[in-house]
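A short write-up of the structure that comes next.
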Amino acid sequence: MPVPIRRLIVALTLCCALVAGATACGSGQQSSTRNTSAAAQAVPAVDSPSPSAEHQKFAKTRFVANAGLAAGATYQWIVKPWKAGKFKKGAKGRRLALVKAGAAGLFAYNRLKAAQRNAQGDPTLSKALVPLGAGIESLKGLASKLRKGDESAAGPFDDIIGQIKEAGRSAGAPVKEQVPTAAELTKS
């Protein structure tokens, strides 16, 4: 089946335009970086916000988001199965519950550390979270404790999340649970 000559010309023209455009963008990039660095040297540094001011800009919002994700993951995949008895030896679905709890524990620990860093950008939050630093660090060994059959290991996660929520509420940043997806859990 022959291709009409118009389609062939249009396709050829588009291909040439794309190749020419990609080539032009590649060569212009080097000159634009030189111009940008020269412009950056000419502009005084006073106009740009300092890194600490930028860090503090959304400290409460970032804290609420990270703490909310940690609280949601903890409740959904650690506290609920713990209260349902899924971590007991011989319980039906124990292995899957342990895998999910391990992933949720890593995710929650990661988000709690991020929330702790975010809180440092706000003086009120920073003061409220100072006593919780050791508690957050103690959450590292949850998976091994659960694997060994220590059913009370999930309790400290619940306690720390409650304390984080209370600290956020007292600092004017109330934390609401946000259950992350399974894909988000595996990214941490």
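The values are calculated or read from the model by the stated rules, or taken from the named source; none is laboratory data. Just so it is clear, the model here is predicted, and its values are computed rather than measured. Positions of Cβ are backbone-derived with ideal geometry, glycine not excepted, and every protein chain shown enters the neighbour counts. For accessibility, only protein heavy atoms count, side chains too; no ligands or nucleic acids. Shrake-Rupley method; radii C 1.70, N 1.55, O 1.52, S 1.80 Å.
Mind checking which helices (runs of 4 or more DSSP H) fall wholly inside segment 66-172 and carry at least 3 residues that are out of contact with any strand residue (DSSP E or B) (no Cβ under 8 Å at 6 or more places or on another chain), closer than 21 Å to THR186 by Cβ and open to solvent by less than 60 Å² (accessible area, probe 1.4 Å)?
Working: elements: 80-84, 94-119, 123-129, 133-137, 142-147, 154-170.
In segment 66-172, the matching helices (runs of 4 or more DSSP H) lie at 94-119, 142-147, 154-170.
I'd like to verify a number: residues in segment 173-188 that are open to solvent by 60 Å² or more (accessible area, probe 1.4 Å) and outside any helix (DSSP H, G or I), how many?
7
Residues in segment 87-117 that are within 12 Å of the chain's Cα centre (by Cα) and in contact (Cβ under 8 Å) with a residue 60 or more places away in the chain: how many?
The total comes to 4.
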